[in-house]
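The values are calculated or read from the model by the stated rules, or taken from the named source; none is laboratory data. If you're wondering where the values come from, they're calculated on a predicted model, not measured in any experiment. Backbone-built Cβ (ideal geometry, glycine too); neighbour counts: all protein chains shown.
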Amino acid sequence: MRIGVITFPGSLDDVDAARAVRLAGADPVVLWHAEHDLKAVDAVVLPGGFSYGDYLRAGAIAARSPLVQDVVQAARSGLPVLGICNGFQVLCEAGLLPGALTRNSHLHFRNRDQRLRIERADTAWTHAYAPGQEIVVPVKNGEGRYVAAPADLERLEGEGRVAVRYVGGNPNGSLRDIAGVTSADGRVVGLMPHPEHAVEELTGPSTDGLGFFTSVLKAVVSA
Amino acid sequence: MSVDTVEVAAKTPDDEQPWAELGLRSDEYARIRDILGRRPTTAELAMYSVMWSEHCSYKSSKVHLRRFGDLPRGEHLLVGIGENAGVVDVGDGYAVTFKVESHNHPSYVEPYQGAATGVGGIVRDILTMGARPVAVMDSLRFGRAEAPDTARVLPGVVAGVGGYGNCLGLPNIGGELLFDACYAGNPLVNALCVGVMRHEDVRLAKAEGVGNKVVLFGARTGGDGIGGVSVLASETFDEQGPAKRPSVQVGDPFTEKLLIEACLEIFAADLVTGIQDLGGAGLSCATSELASAGAGGMHVDLDRVPLRDSTLTPAEILMSESQERMCAIVEPGKVEQFLAVCRKWDVLATVIGEVTDGDRLTVDWHGERIVDVPPRTVAHEGPVYERPMQRPADLDDLQADDPAALPRPQRPEELAAHWLAVVASPDGADKTWVTEQYDRYVRGNTVLAQPDDAGVVRIDEDTHRGIALSLDGNARFARLDPYAGAQLNLAEAYRNVAVTGARPLAVTNCLNFGSPEEPEVMWQFAEAVRGLADACRDLGLPVTGGNVSLYNQTGDVAINPTPVIGVLGVHDDVRTRVPAGWRAGGETVLLLGRTRPEFGGSAWASVAHGHLGGRPPVVDLEAERVLGELLGALGREGLVTSAHDLADGGLAQALAESALRYGTGARLGLGSVTADGDPFTALFSESGARAVVTTTDPEAVRTTAEWAGVTVTELGTTGGDALAVDGVAELPLTELRAAWTATLPALFGTPEAGVGTVPAGAVPTS
């Protein structure tokens with residue numbers, strides 16, 4: 001099983017995403033933003049960081065990079081794609097996921113251990129969890145406030161596309177406590193919190209994040 | 001506009017030059033004329049003025065700092081003082097480089113950018129050594145917490161440290177946040193960076209090999225920070241002075257992140273023979289230091305430097321402190337490959353000159369020679385002063401003002417009130433308001449971070465080897481006795497590293513003092529250096545480098561002497577690290593070390609009485625060493641479940657922090673802590689060489705400690721949701737937590753209502 005991790009200029013948590021992939025039992029494959037080469041991977045992770053320094057808007061420039069155009073096409077044919085933090089911002093900018101991430105309501109960068117509820121346990125990236133399961137993973141961002149037009153929010157809720165929700169406090173003012181959303185087919189998931197930072201007892205607040213990476217292993221096999 | 005060339009200078013010896021405005025003394029200017037045999041050109045004058053400033057030349061501190069160079073190198077030191085940062089062997093072929101640097105004056109003028117570029121500068125120092133930067137720390141001091149100007153400076157500084165470090169992908173693993181009126185016009189922003197490499201990857205800043213190319217890479221050169229070194233860092237602030245905002249540099253962490261990745265790829269492919277970052281004094285510093293350290297000379301065509309502002313004069317280009325720039329010496333055959341790596345990372349790189357066989361540094365501007373100097377005279381042979389020194393006139397009175405005379409809390413409810421006051425004071429309070437703005441997780445190797453006593457970072461995922469770092473500086477102790485104070489600060493940082501189970505290996509420092517032209521300040525400085533050097537010798541630790549920040553004063557009032565000391569330790573296996581917090585009930589709480597009635601410079605005297613006087617606690621380095629070794633052994637053997645250093649606020653502060661970390665209380669008795677059973681002394685004394693540990697095997701700990709010769713006092717048992725201390729108080733953790741956590745948000749705004757504290761600056765924030 002080969003899972004690609006894209007490095008953009010300014011990606012920071014790419015080494016962490018690769019580590020999580022490895023700990024889940026898959027082979028991480030380094031993907032370079034400027035090349036039209038997905039290297040025949042079975043799934044793709046867009047990691048956290050500040051691609052292109054967040055210039056213009058967070059994720060906006062990366063969303064137009066050569067490789068992300070390939071990712072968008074492949075995703076439409078079912079390639080599982082996970083966007084974490086800045087990766088989530090890129091997926092929204094690329095039009096793969098609805099909504100947008102804006103400056104935290106309190107205007108500070110915030111890093112804390114955050115409780116989340118898995119709302120959808122049947123996506124490619126979350127079916128290792130039980131529906132409604134609560135997990136703790138780090139959140140760290142300055143522009144993590146999920147927003148969408150009221151009608152879009154209704155539609156997302158109606159279609160059950162809110163994948164992960166903040167519980168026990170909303171760290172950034174996200175509407176309806178939305179921490180992550182999924183595509184209609186459940187293959188593309190984006191979230192602001194960092195499951196790749198909760199994969200080892202030694203360095204994380206829990207190992208709750210590993211499920212995102214083990215989920216996709218089964219999703220690919222059963223696809 | 002005509003350019004002042006060497007030729008012109010030789011013909012016009014009597015032209016008036018603005019040496020005084022550039023911060024040079026008349027004898028220094030005369031010496032430059034002696035060296036050159038003529039008047040300097042405008043560009044040369046600019047170079048000498050910035051390089052001979054206090055900040056770059058260490059002209060007042062050099063004679064004292066030699067004490068550090070005279071220490072035994074020890075078996076672990078790979079590169080010592082003199083390079084951008086010292087390098088220490090931490091085993092298995094790994095080398096670690098770490099250094100702390102001040103950005104005090106810029107942070108007062110422009111808090112966000114001053115602090116941000118402070119982080120940027122120290123990260124480049126670490127990168128320059130060949131290492132991958134792996135973590136940062138910050139040691140911050142401001143005026144009184146409730147002072148209006150603190151509310152202006154602190155939020156910007158914190159956002160700047162976070163904004164830059166977060167965007168670089170470097171975890172912030174700890175530091176300090178302290179308040180004192182003496183820093184009101186002169187906050188201290190000291191940033192530490194630590195990097196890791198293999199032994200064979202160490203790089204040095206020298207220009208070798210005639211014909212090798214000089215490559216400038218990174219950001220374009222602009223007008224920011226011109227004269228920052230000589231004007232800002234070496235001059236005190238006073239109310240009449242002009243606004244100096246334009247002299248502060250502006251940072252771009254995205255460019256620095258690209259610079260880091262490009263450099264590491266360049267190092268891996270072995271494409272450079274020497275490298276230097278551009279920090280204070282910019283190109284003047286980088287070119288003269290590279291040439292001075294090498295065997296030959298150097299020539300630079302200054303008009304090749306890519307500019308952000310085409311109107312800059314040659315002198316301004318030489319002095320510019322634009323951030324995110326590096327200078328490399330590259331063999332001609334490797335230049336193309338070097339430039340290709342830079343292109344991959346979108347890093348601008350330009351060949352601006354080459355290494356020559358002469359012994360001169362020459363700079364041309366559109367074909368005309370504007371600099372022709374012996375580089376050593378610029379970089380390494382600047383003026384050196386033996387400044388006059390005098391013991392402060394008020395020191396005898398200060399030391400005689402013994403806190404023993406202060407009224408003490410007697411009744412249990414008084415003791416409890418004082419306990420809460422110390423814990424809830426701005427210095428003692430929970431620092432989450434700050435640390436939530438820092439990424440502590442990125443890179444996935446952070447094993448411990450603030451609020452633990454030291455930051456612990458894994459450096460090898462297979463062998464589990466790791467390092468521990470602490471940064472400490474109690475300025476109250478140093479004010480009362482700079483010799484002992486510096487030693488106590490070293491002891492605290494040493495202890496903080498040791499409580500995690502690490503073996504302390506090496507020391508760095510950032511020495512923040514007032515004006516060296518004041519004999520009393522110079523005496524404080526010399527005493528602190530002497531104290532630190534003597535203590536390092538006793539503990540067998542080398543000083544790997546450091547930074548001196550002088551002129552930290554407003555008008556004629558200097559800050560308290562503030563030697564901030566960093567200690568690096570090594571963990572052979574980070575899985576055995578010991579955290580500071582209590583996790584489980586039913587464990588035995590033990591106090592290691594002896595408690596004496598020592599309140600001089602204590603947090604209690606400061607919080608309860610606003611008092612600073614008497615003598616600081618006794619320094620007992622042998623006890624520190626024995627305790628450190630014991631803590632290391634207890635950690636490795638897995639005999640303790642937590643360990644917390646006792647320092648500011650004594651046992652009162654330590655117990656509160658350990659209990660609140662995971663919400664585990666304890667039932668304790670303090671009657672055996674001192675011979676007379678006085679609970680006040682037990683709670684608030686700040687005697688050194690002490691730590692609180694918890695264990696499930698008290699007999700084993702007791703045996704090991706007694707064998708080592710460390711006094712053990714059983715305090716009680718963890719459990720419950722209160723700190724219940726016989727005869728003192730039963731403090732519910734909810735009440736304690738409310739007091740501890742409320743302070744900083746009340747002063748600086750809860751993040752939810754933080755609209756008024758948006759920092760200046762356009763650095764990205766996601």
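Among the helices (runs of 4 or more DSSP H) lying completely within the range B:471-584, list those that include at least 3 residues that are crowded, with 24+ Cβ neighbours inside 10 Å, among the small types (G, A, S) and in contact with a strand residue (DSSP E or B) (Cβ under 7 Å, 6 or more places away or on another chain).
B:482-499
With the structure loaded, tell me whether B:F513 is of a type in the set (F, W, Y) and within 30 Å of B:L651 (Cα to Cα) or whether it fails that test.
Yes: the conditions hold for B:F513.
How many residues are more than 15 Å from A:V5 (Cβ to Cβ) and not small (G, A, S) if we restrict to the range A:27-66?
Selection size over the range A:27-66: 10.
Looking only at the range B:433-470, filter to residues that are in a strand (DSSP E or B), away from chain A (no Cβ under 13 Å) and within 16 Å of the chain's Cα centre (by Cα); which one of those is farthest from B:L188 (Cα to Cα)?
B:A468
Over 12 Å from the mean Cα position of the chain (by Cα), crowded, with 24+ Cβ neighbours inside 10 Å and not charged (D, E, K, R), is that true of A:Q133?
Taking the combined requirement at face value, the residue does not satisfy it.
Do we find a residue being in a strand (DSSP E or B) and at the interface with chain B (Cβ under 10 Å from one of its Cβ atoms) anywhere in the range A:9-29?
yes
Looking at the range B:115-155, which of the residues that are closer than 17 Å to B:Y438 by Cα, of a type outside the set (A, V, I, L, M, F, W, C) and in a helix (DSSP H, G or I) is farthest from the chain's Cα centre (by Cα)?
Ranking the qualifying residues of the range B:115-155, first place goes to B:P155.
Is it true that B:L170 is surrounded by 24 or more Cβ atoms within 10 Å (Cβ to Cβ) and in a loop (DSSP other than H, G, I, E, B)?
Judged against the criteria, B:L170 is a match.
Can you pull out the residues in the range B:455-474 that are among the hydrophobic types (A, V, I, L, M, F, W, C) and within 24 Å of B:L154 (Cβ to Cβ)?
Result: B:L469, B:L471.
Inspect all residues belonging to the range A:191-202 and state whether any of them is among the small types (G, A, S), under 13 Å from the mean Cα position of the chain (by Cα), within 13 Å of chain B (Cβ to nearest Cβ) and part of a loop (DSSP other than H, G, I, E, B).
no
Looking at B:A328, B:A295, B:A291 in this structure, which one is touching a strand residue (DSSP E or B) at 6+ places or on another chain (Cβ under 6 Å), farther than 30 Å from B:Q113 by Cβ, among the small types (G, A, S) and away from chain A (no Cβ under 14 Å)?
Selected residue: B:A291, the only one of B:A328, B:A295, B:A291 that is touching a strand residue (DSSP E or B) at 6+ places or on another chain (Cβ under 6 Å), farther than 30 Å from B:Q113 by Cβ, among the small types (G, A, S) and away from chain A (no Cβ under 14 Å).
If a residue must be buried (at least 24 other Cβ atoms within 10 Å of the Cβ), facing chain B (nearest Cβ under 7 Å) and small (G, A, S), how many such residues does the range A:46-64 contain?
The total comes to 2.
Out of (1) at pLDDT 95 or above; (2) crowded, with 22+ Cβ neighbours inside 10 Å, what's the single condition that is false for B:D303?
For B:D303, the exception is condition (2).
Name the residues in the range A:85-114 that are more than 14 Å from the chain's Cα centre (by Cα), outside any loop (DSSP other than H, G, I, E, B) and within 8 Å of another protein chain (Cβ to nearest Cβ), would you?
A:R110, A:N111, A:R112
Run A:T126 past the list (1) more than 14 Å from chain B (Cβ to nearest Cβ); (2) over 20 Å from A:R161 (Cα atoms); (3) outside any helix (DSSP H, G or I); (4) among the polar types (S, T, N, Q) and report the number of the one that doesn't hold.
Failed condition: (2).
From the list B:E321, B:E289, which one is under 18 Å from B:N212 (Cα atoms), within 25 Å of the chain's Cα centre (by Cα) and not in a strand (DSSP E or B)?
Answer to the check: B:E289.
Return yes or no: is B:A405 more than 27 Å from the chain's Cα centre (by Cα) and either within 14 Å of chain A (Cβ to nearest Cβ) or within 23 Å of B:D648 (Cβ to Cβ) (or both)?
yes
Just one of the numbered conditions (1) under 17 Å from A:R165 (Cα atoms); (2) surrounded by 24 or more Cβ atoms within 10 Å (Cβ to Cβ); (3) within 14 Å of chain B (Cβ to nearest Cβ) is not true of A:L82; which one?
Every condition holds for A:L82 apart from (3).
Give me the residue from the range B:359-385 that is among the hydroxyl-bearing types (S, T, Y) and buried (at least 18 other Cβ atoms within 10 Å of the Cβ) and, out of that set, farthest from the chain's Cα centre (by Cα).
My answer is B:T362.
Looking at B:V96, B:V90, B:V158, which is the one that is touching a Leu at 6+ places or on another chain (Cβ under 9 Å) and either within 14 Å of chain A (Cβ to nearest Cβ) or part of a helix (DSSP H, G or I) (or both)?
Among B:V96, B:V90, B:V158, only B:V158 is touching a Leu at 6+ places or on another chain (Cβ under 9 Å) and either within 14 Å of chain A (Cβ to nearest Cβ) or part of a helix (DSSP H, G or I) (or both).
In the range B:53-70, how many residues are in a loop (DSSP other than H, G, I, E, B) and over 21 Å from the mean Cα position of the chain (by Cα)?
Within the range B:53-70, residues that are in a loop (DSSP other than H, G, I, E, B) and over 21 Å from the mean Cα position of the chain (by Cα) number 1.
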